[in-house]
Amino acid sequence: MAAFAWTVLQLSGSLDMATAPSLRRRLRDGLRDASVGVILDMIEVDFVDSSALGAMIICNQEAEASGRQIRIVAPRGSAAAFALTLTGLRRRLAVFESHHAASYG
């Protein structure tokens, strides 16, 4: 199977303890299918809890270990951007304002 440069995962709704396992699985599948990494579109996410943030951190560490990247699209003012900023993860993870910035940044 040919790998794509970026796999784009579009998320919506709540990311919480119930959805964290699915998020982790989707990120791992996306990383496996991409030669560069995953763009995680969180524009339509309205809630993020620590379980989802933990899944993102673990997958980001796995991506870095395999030479790939996870880039997060979470524009300022969005629920995802708020959660990433509040927890300090905006500085630790690659967070971008738009798909274009994430793809070429």
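The values are calculated or read from the model by the stated rules, or taken from the named source; none is laboratory data. Being a predicted model, the structure only gives us computed values, none of them experimental. In this analysis, Cβ positions are derived from the backbone assuming ideal geometry, glycine residues included, and neighbour counts consider all displayed protein chains.
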Problem - Residue list for the range 37-63, restricted to those being under 16 Å from Gly88 (Cβ atoms), more than 11 Å from the chain's Cα centre (by Cα) and among the aliphatic types (A, V, I, L, M) - result: Val48
Exercise for the section: Using the structure shown, decide if Ala34 is modelled with pLDDT under 95, over 18 Å from Arg90 (Cα atoms), aliphatic (A, V, I, L, M) and buried (at least 16 other Cβ atoms within 10 Å of the Cβ). Expected result: yes
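Taking only the range 62-105 into account, find how many residues are hydroxyl-bearing (Ser, Thr, Tyr) and either in contact with a helix residue (DSSP H, G or I) (Cβ under 8 Å, 6 or more places away or on another chain) or in a loop (DSSP other than H, G, I, E, B) (or both).
First, the residues of the range 62-105 that are hydroxyl-bearing (Ser, Thr, Tyr): 66, 78, 85, 87, 98, 103-104.
Now restrict to residues that are either in contact with a helix residue (DSSP H, G or I) (Cβ under 8 Å, 6 or more places away or on another chain) or in a loop (DSSP other than H, G, I, E, B) (or both): 66, 78, 87, 98.
Residues in the range 62-105 being hydroxyl-bearing (Ser, Thr, Tyr) and either in contact with a helix residue (DSSP H, G or I) (Cβ under 8 Å, 6 or more places away or on another chain) or in a loop (DSSP other than H, G, I, E, B) (or both): 4 in total.
Residue-wise test of (1) loosely packed, with under 15 Cβ neighbours inside 10 Å; (2) of a type outside the set (Asp, Glu); (3) over 24 Å from Tyr104 (Cβ atoms).
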| position | (1), (2), (3) |
| --- | --- |
| Gln10 | yes, yes, no |
| Pro21 | yes, yes, yes |
| Leu27 | no, yes, no |
| Ile39 | no, yes, no |
| Asp46 | yes, no, yes |
| Met56 | no, yes, no |
| Val73 | no, yes, no |
| Ala83 | no, yes, yes |
| Arg91 | yes, yes, no |
Handout entry: Ile43, sole failed condition from (1) assigned to a strand (DSSP E or B); (2) farther than 16 Å from Ser12 by Cβ; (3) in contact with a helix residue (DSSP H, G or I) (Cβ under 9 Å, 6 or more places away or on another chain)
Key = (2)
Practice task
Within the range 67-95, track down each residue that is under 10 Å from the mean Cα position of the chain (by Cα) and polar (S, T, N, Q).
Solution key: Gln69
